[in-house]
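Everything on this sheet refers to the single structure shown next.
The values are calculated or read from the model by the stated rules, or taken from the named source; none is laboratory data. Values in this document were obtained by computation on a predicted structure and should not be read as measured data. With ideal geometry, Cβ positions are generated from the backbone for all residues, glycine too; neighbour counts draw on all protein chains shown. SASA here: full protein model, heavy atoms, side chains in, ligands and nucleic acids out. Shrake-Rupley method; radii C 1.70, N 1.55, O 1.52, S 1.80 Å.
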Amino acid sequence: MVNLVVSIGSNCGDRKGSVAGAKRWLQTLLLDFRESEIYETPCALREGPNYANSVVSGIYIGSLSSFEEKLKNYEISKGRDEACRKRGDVPVDIDVVIADGKILKPWDYKQKFFQIGFGSMNVQTDPD
């Protein structure tokens, strides 16, 4: 069992619809599901289209590695492949940023695309 905080983003197609669909899917996997609103942020890495984003949290009954495998399979099922990566298209991106209070992705954690949603959720992290 693992407590998770997950970032969701999309920069192409029906961006808000893709994020909303990912949230509905994640709600089927997580107990004590909580979610931020969907909001828009500029691309964090380079010039590019704005992203629709959201942050969700909950408890996954299973291992972190099995959850992350499910995330990658979901992304692939929604069209995330090498060709779209080369173009900079992100149909949907889902990443575990915090697990059991530990920040796994410090760069993501500091970014506006995560902090907006995370800040609205009142979830605790370890200071380490």
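Out of Val2, Val56, one residue alone is under 13 Å from the mean Cα position of the chain (by Cα) and touching a residue at least 24 places away in the same chain (Cβ under 8 Å). It is Val56. Counting the residues of the range 39-72 that are of a type in the set (A, V, I, L, M, F, W, C), more than 16 Å from Ile98 (Cα to Cα) and surrounded by 14 or more Cβ atoms within 10 Å (Cβ to Cβ) gives 3.
Of all residues being touching a residue at least 60 places away in the same chain (Cβ under 8 Å) and open to solvent by less than 30 Å² (accessible area, probe 1.4 Å) in the range 8-32, which is farthest from Lys70 (Cα to Cα)? Just the residue, please. Per the criteria, the residue is Asn11.
Where helices (runs of 4 or more DSSP H) sit wholly within the range 12-104, those with at least 3 residues that are under 17 Å from Met121 (Cα atoms) and in contact with a strand residue (DSSP E or B) (Cβ under 8 Å, 6 or more places away or on another chain) occupy 15-29. Considering Glu47, Glu35, Glu40, the condition of being charged (D, E, K, R) and under 14 Å from Asp89 (Cα atoms) is satisfied by Glu47 alone. Here Asp108 meets the list (1) in a helix (DSSP H, G or I); (2) exposed (fewer than 12 other Cβ atoms within 10 Å of the Cβ) almost entirely, failing just condition (2). Pairing each residue of the range 85-97 that is of a type outside the set (Phe, Trp, Tyr) with any residue that is part of a strand (DSSP E or B) and open to solvent by 20 Å² or more (accessible area, probe 1.4 Å), provided the two are 6+ apart or on different chains, yields no C-beta distance under 6 Å. In this structure, Ser120 does not satisfy being of a type in the set (Gly, Ala, Ser), without any contact (Cβ under 8 Å) to a residue 12 or more places away in the chain and at negative phi. Return yes or no: is Glu75 open to solvent by less than 30 Å² (accessible area, probe 1.4 Å), free of Cβ contacts under 8 Å to residues at least 24 places away in the same chain, more than 15 Å from Phe114 (Cα to Cα) and of a type outside the set (Phe, Trp, Tyr)? For Glu75, the condition - open to solvent by less than 30 Å² (accessible area, probe 1.4 Å), free of Cβ contacts under 8 Å to residues at least 24 places away in the same chain, more than 15 Å from Phe114 (Cα to Cα) and of a type outside the set (Phe, Trp, Tyr) - is met.
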